[in-house]
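First the structure, in the form of structure tokens, and then the observations on it.
The values are calculated or read from the model by the stated rules, or taken from the named source; none is laboratory data. What you see is a predicted model; the values in this text were computed from it and never measured. Heads up, the Cβs are rebuilt from the backbone with ideal geometry, glycines too, and the neighbour counts pull from every protein chain shown. Heavy atoms of the whole protein, side chains included, go into the accessibility calculation; ligands, DNA and RNA do not. Shrake-Rupley method; radii C 1.70, N 1.55, O 1.52, S 1.80 Å.
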Amino acid sequence: MALRFFNTYSRSIEEFHPLDPDGRAVKMYTCGPTVYSEAHIGNFRAYIFEDLLQRHLELRGFTVQRVMNLTDVDDKTIRGSRAANIPLAEFTAPFKEAFYQDLDTLQIKHADSFPAATEERFVQAMIAMIEKLIGRELAYQADDKSVYFRINRFPKYGHLAHFDLAELRSTGRVKSDEYDKEHVGDFALWKAWDEEDGAVWWESPWGRGRPGWHIECSAMATTLLGEQLDIHCGGVDNIFPHHEAEIAQSEGCSGKPFVRYWLHCAHLLVEGQKMSKSLGNFYTLRDVLAKGYRGREVRYALLRVHYRAPLNFTWEGMEEARQALARIDEWLRRLREAAGAENLPANRAVAIEDDKFAAALDDDLNISAALGHLFEQIRESNRELDGGIDAARALAWLQWWERINRVLALEAGAEKPSAEIARLAEERVHARLAKDWQKSDELRDALQARGWDVRDTKDGQLVTRRAGA
RNA sequence: GGCGGGGUAGCCAAGUGGUAAGGUCGGGGUCUGCAAAACCUCUAUUCGCGGGUUCGAUUCCCGCCUCCGCCUCCA
């Protein structure tokens, strides 16, 4: 079955075919974070969805070239740097670093490039684009010295969001001093310097100033990926105005369709409500880790709901993620044991022909159906394990899993017991041989308190790292 | 008001014009010194509400209720 995605532009499911004549190379652009603070779990829901998309495309044989921008100049970053009384770059650097660490924690593949808006070559690219837009009368400099995009000259403006511009209602978020524009919907391409910007400015044909948010993405995307992209992603809140503006700017310059497939993920709710600091339900990834959860558990919790459905983040859901992963861990442990420590030649295993997991993902990334199938197969193979299976069969199951895990990226890293854990475990073995059950149970409690589960099997004691510990 | 996305078991959630995947939780069982894990087993006469089409609708159509989001720089 062909790969297909819901395209926000057409509001329908479409078969996916990249622009590449060979049908293999995929150019993908994803809006990244504004680095004025640590990213929150809602941000990561979007990045995990994009990671799932990239990994599945790769599983299906596509070569994905992916760009994710970092917005390191805007009102919030400038405000933060002034409050901290340090230069802008110094203010944003630790948040960039934290972001990369968080991506690793969540096993999100790094993009091929993470362009930052303040890089000189991109600023120059933005200026060049704005000049071109002015030359085509798609932009103008207003009395306030800022440059705006003239939306009335771009008839497609509003198509992505399916908005009729005449019916737009103001929500009061428009700054009241923006009366220099020809149309309230005209958006800033270049913002003239004002005192609030402090030392943050670049020279331009229109005087000192800084780029508008939307032009950053257009410039970085077209500089790094070319005038036409296959896929562009983000959260639904980016549809309007951000992505709408990107289309207007990019196509205004190139005259070519900017993006073939627009994919947007729904929001994350926390305990049924929008995440907000005032409600006290605002969490960064690090907040969740501080409660004792691990990155893979957060990844599972944010991954398991279809990207176009709202995802309700709850602590109960985190526990569910922990249990589900523990089940996968135990299944893998048993399979490895059955496959044997010695390296069985891979060709001894009769491959398990089962593509249902990936086939589910072909259908607009139906992760729930895919995971449902995984767990059905886990039950099936556990039955086989209970009945005693040969090493080749166990290896075949492991190979089946490894393919799936290229997309899920949920496997735990191996962790060796410390000397203390090993000593406690050894003592417990002796206690059990002496049938000293009281001491045995005490040692088990001691190990569990240190994050290790202890089980007694027919082959002896088994000590494993507890999920989430 | 306009434009979207949801409402399926305690919780999360898939799905189809033909009689409800999967996860998690809970009950029972096998196993165990006790546990744990694994496996077996039970838990929605029912898919927000009301109509309609149909032999048959959770699925299609109409109306309504409700939650969430966007409507000019929030993933």
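List every residue pair whose Cβ atoms lie under 6 Å apart, where the two residues are 6 or more positions apart in sequence or sit on different chains, the first residue falls within the stretch A:365-393 and is free of Cβ contacts under 8 Å to residues at least 40 places away in the same chain and more than 12 Å from A:ARG304 (Cβ to Cβ), and the second residue, located anywhere, is open to solvent by 60 Å² or more (accessible area, probe 1.4 Å) and more than 8 Å from RNA strand B (Cβ to nearest atom).
Hits for this filter: A:HIS373/A:LYS356.
Name every residue in the stretch A:198-212 that is buried (at least 19 other Cβ atoms within 10 Å of the Cβ) and either within 12 Å of A:VAL73 (Cα to Cα) or of a type in the set (D, E, K, R) (or both), in order of residue number.
Hits for the stretch A:198-212 are A:VAL200, A:GLY209, A:ARG210, A:PRO211, A:GLY212.
From the list A:LYS96, A:LYS132, A:LYS109, A:LYS76, exactly one residue is open to solvent by 10 Å² or more (accessible area, probe 1.4 Å), part of a loop (DSSP other than H, G, I, E, B) and either over 24 Å from A:ARG308 (Cβ atoms) or not hydroxyl-bearing (Ser, Thr, Tyr) (or both). Which is it?
That would be A:LYS109, the only listed residue that is open to solvent by 10 Å² or more (accessible area, probe 1.4 Å), part of a loop (DSSP other than H, G, I, E, B) and either over 24 Å from A:ARG308 (Cβ atoms) or not hydroxyl-bearing (Ser, Thr, Tyr) (or both).
Does A:ALA449 count as free of Cβ contacts under 8 Å to residues at least 40 places away in the same chain, out of contact with any Ser or Thr (no Cβ under 7 Å at 6 or more places or on another chain), of a type in the set (A, V, I, L, M, F, W, C) and within 13 Å of RNA strand B (Cβ to nearest atom)? Quick ask: steps written out before the conclusion?
On the way: free of Cβ contacts under 8 Å to residues at least 40 places away in the same chain: yes; out of contact with any Ser or Thr (no Cβ under 7 Å at 6 or more places or on another chain): yes; of a type in the set (A, V, I, L, M, F, W, C): yes; within 13 Å of RNA strand B (Cβ to nearest atom): no.
Here the answer is no, as A:ALA449 does not meet what is asked.
Okay, residues lined up against (1) surrounded by fewer than 20 Cβ atoms within 10 Å (Cβ to Cβ); (2) within 9 Å of RNA strand B (Cβ to nearest atom); (3) of a type in the set (S, T, N, Q):
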residue	(1), (2), (3)
A:ARG286	yes, no, no
A:LEU289	yes, no, no
A:HIS306	yes, yes, no
A:GLU316	yes, yes, no
A:ILE328	no, yes, no
A:ARG334	yes, yes, no
A:GLY340	yes, no, no
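Hey, any hits in the stretch A:173-193 for a residue that's open to solvent by 40 Å² or more (accessible area, probe 1.4 Å), at pLDDT 90 or above and not β-branched (Val, Ile, Thr)? I'd like the intermediate steps shown before the answer.
First, pick out the residues of the stretch A:173-193 that are open to solvent by 40 Å² or more (accessible area, probe 1.4 Å): A:173-180, A:182-184, A:191, A:193.
Now restrict to residues that are at pLDDT 90 or above: A:191, A:193.
This time we only want the ones that are not β-branched (Val, Ile, Thr), so: A:191, A:193.
There is at least one residue in the stretch A:173-193 that is open to solvent by 40 Å² or more (accessible area, probe 1.4 Å), at pLDDT 90 or above and not β-branched (Val, Ile, Thr).
Residues to consider are A:GLU50, A:GLU58; find the one that is farther than 30 Å from A:GLY80 by Cβ, acidic (Asp, Glu) and assigned to a helix (DSSP H, G or I).
Just one listed residue meets the conditions, A:GLU58.
Based on what the data block shows, is A:TYR307 in a loop (DSSP other than H, G, I, E, B), within 30 Å of A:MET275 (Cα to Cα) and touching a helix residue (DSSP H, G or I) at 6+ places or on another chain (Cβ under 8 Å)?
It is true that A:TYR307 is in a loop (DSSP other than H, G, I, E, B), within 30 Å of A:MET275 (Cα to Cα) and touching a helix residue (DSSP H, G or I) at 6+ places or on another chain (Cβ under 8 Å).
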